[in-house]
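Just below is one structure, and these are the notes that go with it.
The values are calculated or read from the model by the stated rules, or taken from the named source; none is laboratory data. Owing to the predicted nature of the structure, the values given are computational and were not obtained by experimental measurement. We place every Cβ from the backbone using ideal geometry, glycine too, and count neighbours over all the protein chains shown.
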Amino acid sequence: MATRKTTALQVPTEPADSTDHLDLSQAARVALPNLKLSTETISLRMPATLLETIKIEANKRDVPYQSLIKMALADHFQQYPAGS
């Protein structure tokens, strides 16, 4: 059985600061259109018949049922601005 030779980690002697190496005057703003928003997992209880109706409608629209629920909630709450 072969043994693996390991070496000690080398610690950098200079501080981990790259600001001296950057020219921020050349920086450009970047758009990330495919960046997904952070999500949180929730648990939601609903009548089985309602969930089945949602799943049937989602299947008709060819979207996952959870996505249909999120779209419906987003549409509903866009009508009511936060804080009103």
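Looking at (1) over 30 Å from LEU73 (Cα atoms); (2) β-branched (Val, Ile, Thr); (3) surrounded by 10 or more Cβ atoms within 10 Å (Cβ to Cβ), which is the one condition that is false for THR13?
Result: THR13 passes all but (3).
Working only within segment 1-36, note down all residues that are at pLDDT 80 or above and either among the β-branched types (Val, Ile, Thr) or touching an Asp or Glu at 6+ places or on another chain (Cβ under 7 Å) (or both).
VAL30
Please list, ordered by first then second residue, the pairs with beta carbon atoms under 8 Å, 6 or more apart or interchain, first in segment 53-77 and closer than 17 Å to LEU37 by Cβ, second surrounded by 13 or more Cβ atoms within 10 Å (Cβ to Cβ).
Pairs found: PRO64/ALA58; SER67/ALA58; ILE69/ILE54; MET71/VAL63.
When you check LYS60 against the structure, is it outside any loop (DSSP other than H, G, I, E, B) and loosely packed, with under 10 Cβ neighbours inside 10 Å, yes or no?
yes
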